1. So if I place +1 on the C-beta of Lys and Arg and -1 on the C-beta of Asp and Glu, and nothing else carries charge, what would the dipole magnitude of segment 93-150 be about its Cα centre? I want it in debye, nearest 20.
2. So if I place +1 on the C-beta of Lys and Arg and -1 on the C-beta of Asp and Glu, and nothing else carries charge, what would the dipole magnitude of the chain be about its Cα centre? I want it in debye, nearest 20.
3. If packing is taken as the mean number of other Cβ atoms within 10 Å per residue, what is the order of 124-130, 81-87, highest first?
4. Report the far tail of the P(r) of the chain, meaning the percent of Cα-Cα pairs longer than 19 Å.
5. For the chain, what is the mean residue ellipticity at 222 nm derived from helices alone (per DSSP H run of n ≥ 4: -39500 (n - 2.57); sum divided by total residues; nearest 500 deg cm²/dmol)?
Amino acid sequence: MRIESPQVLMTPEPDMKDMNPLANVPPNLVQSIRAHRVLDLQAEAAASGQHFLYAYVGVAETKTQVLATIGRAFHFQRAFGKNFEALRDCLTELTWKAGPQPGFIIVLEQLPNAPQFDREARETLLDVFRDAADFWAEKKVAFRVFYSFQ
């Protein structure tokens with residue numbers, strides 16, 4: 001009787017790019033969160049030394065509430081004006097003046113779909129983040145924003 005040794009199946013080492021949830025994501029964009037998981041994005045921010053900013057805005061119903069929720073979550077100063085222009089300033093100029101930045105991964109979860117925060121308000125909010133992404137692209141700093149709707 002002949003005994004054969006079992007074959008050892010070798011699995012290839014995973015490519016580090018496959019482990020990075022942002023490997024195929026441009027460094028400056030605003031997009032739906034879709035297949036990304038918040039915890040994976042948070043881990044990637046930590047691994048790459050970038051800021052991770054997260055705001056759950058699902059309980060907000062008005063522009064003021066949405067902006068206040070984002071301001072609190074992102075630790076903006078109390079004087080934050082709770083308007084789109086103030087948000088733009090906080091995401092760009094004021095942060096730039098604070099010194100060199102390593103990059104940003106931002107998650108806006110459950111943007112409301114409410115009469116007082118309608119589609120136009122949501123698009124204006126996302127445009128503010130798109131403007132910020134353009135601002136940081138000029139500075140060669142990654143600024144990625146992922147969002148979901150209710």
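1. Working: 7 positive and 9 negative charges, 56 e Å.
It comes to approximately 260 debye.
2. Working: 16 positive and 18 negative charges, 57 e Å.
So the dipole magnitude of the chain works out to roughly 280 debye.
3. Values: 124-130: 17.7, 81-87: 15.6.
Per-residue Cβ counts within 10 Å, averaged per peptide and sorted highest first, yield 124-130, 81-87.
4. Details: 6252 of 11175 pairs.
I get 56 percent for the Cα pairs in the chain exceeding 19 Å.
5. So the calculated ellipticity at 222 nm is -11500 deg cm²/dmol.
Read-outs throughout are calculated quantities, based only on the coordinates presented, and are distinct from any laboratory measurement. All of these numbers come straight from a predicted model, not from anything done at the bench. All Cβ positions, glycine included, derive from the backbone under ideal geometry; neighbour counts span all protein chains shown.
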